[in-house]
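Read-outs throughout are calculated quantities, based only on the coordinates presented, and are distinct from any laboratory measurement. Since the model is a prediction, treat every value here as computed from it, not as a measurement. Here the Cβ positions follow ideal geometry from the backbone for every residue, glycine too, while neighbour counts run over all protein chains shown.
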Amino acid sequence: MKTLTHRQQDVLEFIGQTIDNAGAAPTFREIAAHFRFRSVKAAADHVAALRRKGALAGAPRRARALSIVDAADDDWATARALGRRLARLPVYGTIPAGLAEDRRQEARGCVAVDLDTLGIRPTPRTFALEVRGDSMIGRHIVDGDLVVLEHGKMPRHGDVVAALIDNESTLKTFVQERGRPPCLKAENPRYPRLHPVGELVIQGVMVGLIRKVKV
């Protein structure tokens, strides 16, 4: 499968979740309404691009007939037959759990998760990032983990967040103390707290963790 843009990942995830919940893919009109596209044609163009990149299969002009293409479709079908509630989450590259770094997130595909095991209810704004670094080991988040995050969720004191601090990306604990502006705290004494000079933008609040087992 060819690399997808962020918007294509969002559309693909919405189609997958609709199929899981309703038993059929959304119409072009439903896709356009969900993402507030200006026209139904915009939704159709995104679907056409996903078909060209090998992410979707089905009749070209029939959105309801679409299906997700996945290399692990057989495993997916088996798990669904066993009654497991599954979802595909888009993985948007890596995030440093160390010193903040200037980098852009790139879509790397999707990860299939068991919702009952993970204990979350994903939305079209749920996504995952791969951790790089050791600044969050005090929260048992280590290099190579996938953190599951919810975009648009309001962070509370003590939440783990993916953030842009002065345009640099990092994964840290959100600190909001009375009478002080919010800052970011590392969970490793080797790293300092990060206080924004200009802007602090929360990109997502952590709602789950996936650990890859090394064999």
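Brief remarks follow.
- Above-threshold pairs, the threshold being 32 Å between Cα atoms, out of LYS41/LYS172; LYS41/LYS212; LYS41/LYS153; LYS53/LYS172: LYS41/LYS172; LYS41/LYS212; LYS53/LYS172
- Residues whose placed amide H lies under 5 Å from that of GLY208, excluding near-sequence neighbours: VAL148
- Nearest-0.05 FRET efficiency for ALA22 and ILE137, computed from C-beta distance (R0 41 Å): 0.50
- Kirkwood hydrodynamic radius (C-alpha pairs) into Stokes-Einstein, the range 86-210, 10 °C and 1.306 mPa s, D in µm²/s: 109 µm²/s
- Computed from phi, the 3J(HN,Hα) profile of the range 193-198 under the Karplus parametrisation 6.51, -1.76, 1.60 (θ = phi - 60°) reads 5, 10, 10, x, 7, x Hz, with x in place of Gly and Pro.
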